[in-house]
Amino acid sequence: MAAFFDWFRWLYEATGINLTILYDAFDRQRMVAGFWTTVWLCLVCIALSVVIGVVGAWLQGSSLKWTRRAVQGFIALFRDTPPLVQIYFFYFGLGALLPRVPNAYGIPEPVLTNVQWAIISLSLFAGAFNIEIFRSGIEAVPRATVEAAEALGYSRLRAYVHVVLPLAFRICLPALNNNLVNLVKTTTLAYAIAVPEMLYVAKQIWSDATNVPEMMVFLLLAYVFLVGCVVWVMGRIERRLKVPGIGL
Amino acid sequence: MTGAAILRTEGLHKRFGDLHVLRGIDLRVAEGERIAILGSSGSGKSTLLRCLNFMELPSAGRVFFHDRPVGTEETRGGATAVRYRERDLAALRRRVGMVFQSFNLFPHMTALENVMEGPLTVLRRGRGEAAAAARRQLARVGLEDRADEYPARLSGGQQQRVAIARALAMEPEVMLFDEPTSSLDPELVGEVLGVIKALAEEGRTMLLVTHELGFAYHVASRVLFLHEGRILEEGPPERLMKAPREERLRTFLARFSEFSF
Ligand SMILES: Nc1ncnc2c1ncn2[C@@H]1O[C@H](COP(=O)(O)OP(=O)(O)OP(=O)(O)O)[C@@H](O)[C@H]1O
Ligand SMILES: [Mg+2]
């Protein structure tokens, strides 16, 4: 392993291609930490945004007019405004309004960290799209199929969980796929509130080592890899759920 | 009348906006009765069945299940209306099975899973128990060897038999069949009618909307003729179908030229 890392030091000395994140232990640790921060952001936001999508789509089918309107307003707010503005709004706007609480050393600290604000903001942003995506899937489920469940004595909620969602999910998987890929890419916006994810760490490294082109190429490849992972997992899910007669 | 009434309606009306589909239906379904419902398209046959398990809520009149009115009467601001709570309707539907013209199987479940679904989710049976019961139901409709197929891989007749097994798995007290063979190719009609006939011979209570007059004649214990939302004539099949009193029923029967006893 040491020889492998040393080769990159030699590469730098021989060609000027400066990959400090490989031969320099400090930069390497920073980038590894940044990579895992990005992965963590992605996983948490994907999970939360899917939950928001499922619950929101359910509420959108409510018989209460104001519930439906509230969901509609939520979608309009988060779909029609720039995600960067949303992150600023949460971190600098809402974050400033919340009280500070003393930590273990008695020093007042914000209730929520920048990472938590990024998670909230990005999940709501992607969740708004997921609501629309799930709703389009739900609308494609034939009413007659839902009636068959109701005729067996299902409540509206049970029919939603056991029949509507599994079918809607299969129908909207391609659209969901796209949105989750977008979400992975959008996590870079957490950079703006100093969340130490990959882009932020890369910027720190290139400020120190002035290796902007190398870090840029690395970032592009890293995101190709991450998005590739998401696409691969979604593909596996798609194949697992494949059922004859339902177009995927 | 024979037997205790399982289902009963009093002055049942159903309106869709300005369209007055059911115009006062008084019907009593006694245990063990096999009632065939005849009528031309648009006469309200499906709507009547759908009001019996509350897939449609009646606009006026009441439905009684075992002589207990379904829904609660509530007076608000001087006006009395019947309120149907989702919980009560779900409880009733558990005991009233329905089979649809277009099968409406759950496409993401195998035949076996379709039949297990109700007992598993609604009756909260255990998996093993539900699976064993589902296999028995599939055997009863002659499909034990297709248990692991998805609906898309089954013929229409097979799908409808799975749908019947799915309804039976809930052990309902009444079965509602809404034109169960109307969307089937002619050569597949027989296998579904065979299953329904076997259920009739077991003494199962059922209501059956059908255009298969010969089948109605041989299987039903009573026939209703629905016309413009009213029961125009009813009686035992021999009487009603061989010696109809109403002119409209006569013209209706005459349209089925191939119909013979
Ligand atoms: N959900 C609904 N909304 C509005 N109109 C409806 C609805 N359901 C049924 N109708 C109308 O009510 C009338 C009776 O319909 P219904 O389905 O009960 O007839 P039917 O006797 O079953 O006819 P068919 O033999 O064609 O099935 C028809 O005119 C139909 O268009
Ligand atoms: Mg009909």
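The values are calculated or read from the model by the stated rules, or taken from the named source; none is laboratory data. These figures come from a predicted structure and were not determined experimentally. Virtual Cβ from ideal backbone geometry, glycine too; neighbours counted across all protein chains shown. Side chains included, ligands, DNA and RNA excluded: accessible areas come from the protein's heavy atoms. Shrake-Rupley method; radii C 1.70, N 1.55, O 1.52, S 1.80 Å.
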**Prompt:** In the stretch B:169-215, how many are open to solvent by less than 30 Å² (accessible area, probe 1.4 Å) and closer than 24 Å to B:L240 by Cβ?
**Reply:** 23
**Asked** Quick one: which of B:E149, B:E171 is over 29 Å from B:L52 (Cα atoms) and within 13 Å of chain A (Cβ to nearest Cβ)?
**Response** B:E149
**Asked** What pairs can you find where one residue is in the stretch B:32-59 and within 12 Å of chain A (Cβ to nearest Cβ), the other is within 10 Å of ligand 2 (Cβ to nearest atom) and part of a helix (DSSP H, G or I), and their Cβ atoms are less than 8 Å apart, with a gap of 6+ or different chains?
**Response** B:E56/B:T47; B:E56/B:R50
**Prompt:** Quick one: what pairs do we get from the stretch B:216-245, first residue closer than 21 Å to B:A198 by Cβ, second assigned to a strand (DSSP E or B) and open to solvent by 50 Å² or more (accessible area, probe 1.4 Å), C-beta under 7 Å, 6+ apart or different chains?
**Reply:** B:V219/B:R34; B:A220/B:R34; B:S221/B:R34; B:R222/B:E234; B:V223/B:E234
**Asked** Which fully enclosed helices (runs of 4 or more DSSP H) of the stretch A:96-164 have 2 or more residues being of a type in the set (G, A, S) and within 14 Å of chain B (Cβ to nearest Cβ)?
**Response** A:143-151
**Asked** Which members of the stretch B:3-24 meet the condition of being within 16 Å of ligand 2 (Cβ to nearest atom) and in contact with a Lys or Arg (Cβ under 6 Å, 6 or more places away or on another chain)?
**Response** B:V21, B:L22
**Fill in**
Residues in the stretch B:158-181 that are within 16 Å of ligand 2 (Cβ to nearest atom) and touching a His at 6+ places or on another chain (Cβ under 9 Å) total 2
**Fill in**
For helices (runs of 4 or more DSSP H) lying entirely in the stretch A:1-71, having 3 or more residues that are of a type in the set (A, V, I, L, M) and surrounded by fewer than 14 Cβ atoms within 10 Å (Cβ to Cβ) picks out A:2-15, A:25-60
**B:E86 open to solvent by 50 Å² or more (accessible area, probe 1.4 Å), more than 8 Å from chain A (Cβ to nearest Cβ) and either modelled with pLDDT under 95 or in contact with a helix residue (DSSP H, G or I) (Cβ under 8 Å, 6 or more places away or on another chain) (or both)** = no
**Fill in**
Within the stretch B:106-116, residues of a type outside the set (S, T, N, Q) and more than 7 Å from chain A (Cβ to nearest Cβ) come out as B:M109, B:A111, B:L112, B:E113, B:V115, B:M116
**Complete:** With the first residue restricted to the stretch B:132-146 and required to be crowded, with 19+ Cβ neighbours inside 10 Å, and the second required to be at pLDDT below 95 and not small (G, A, S), Cβ contacts under 6 Å at 6 or more apart or on different chains are B:L138/B:E144
**Prompt:** Mind checking which residues of the stretch B:180-230 are in contact with a Lys or Arg (Cβ under 6 Å, 6 or more places away or on another chain) and charged (D, E, K, R)?
**Reply:** B:R230
**Prompt:** What tally of residues in the stretch B:29-54 results from selecting those that are within 21 Å of B:P237 (Cβ to Cβ) and more than 13 Å from ligand 1 (Cβ to nearest atom)?
**Reply:** 8
**Failed condition for B:V29, given (1) within 13 Å of chain A (Cβ to nearest Cβ); (2) under 24 Å from B:G3 (Cβ atoms)** = (1)
**Request:** Kindly indicate the residue of the stretch A:194-248 that is open to solvent by less than 40 Å² (accessible area, probe 1.4 Å) and acidic (D, E) and also nearest to A:N177 (Cα to Cα) among those meeting that condition.
**Result:** A:E197
**Asked** Of the residues B:V70, B:V21, B:V99, which is more than 15 Å from B:M175 (Cα to Cα), within 16 Å of ligand 1 (Cβ to nearest atom) and within 20 Å of the chain's Cα centre (by Cα)?
**Response** B:V21
**Item:** Condition check for B:V96: among the β-branched types (V, I, T) and within 9 Å of another protein chain (Cβ to nearest Cβ)
**Value:** yes
**Request:** State the number of residues belonging to the stretch A:165-212 that are on the phi < 0 side of the Ramachandran plot, in a loop (DSSP other than H, G, I, E, B) and of a type outside the set (D, E, K, R).
**Result:** 3
**Message:** Between a residue in the stretch B:175-194 that is more than 15 Å from B:M98 (Cβ to Cβ) and in contact (Cβ under 8 Å) with a residue 40 or more places away in the chain and any residue that is away from ligand 1 (no atom under 13 Å from the Cβ) and open to solvent by less than 20 Å² (accessible area, probe 1.4 Å), which pairs come within a Cβ distance under 6 Å, given they are 6 or more apart or on different chains?
**Reply:** B:E191/B:G157
**Message:** Can you confirm whether B:L27 is at pLDDT 95 or above, within 16 Å of ligand 2 (Cβ to nearest atom) and outside any loop (DSSP other than H, G, I, E, B)?
**Reply:** no
**Message:** Of the residues B:R8, B:R94, B:R62, only one is assigned to a helix (DSSP H, G or I) and away from ligand 1 (no atom under 16 Å from the Cβ); which?
**Reply:** B:R94
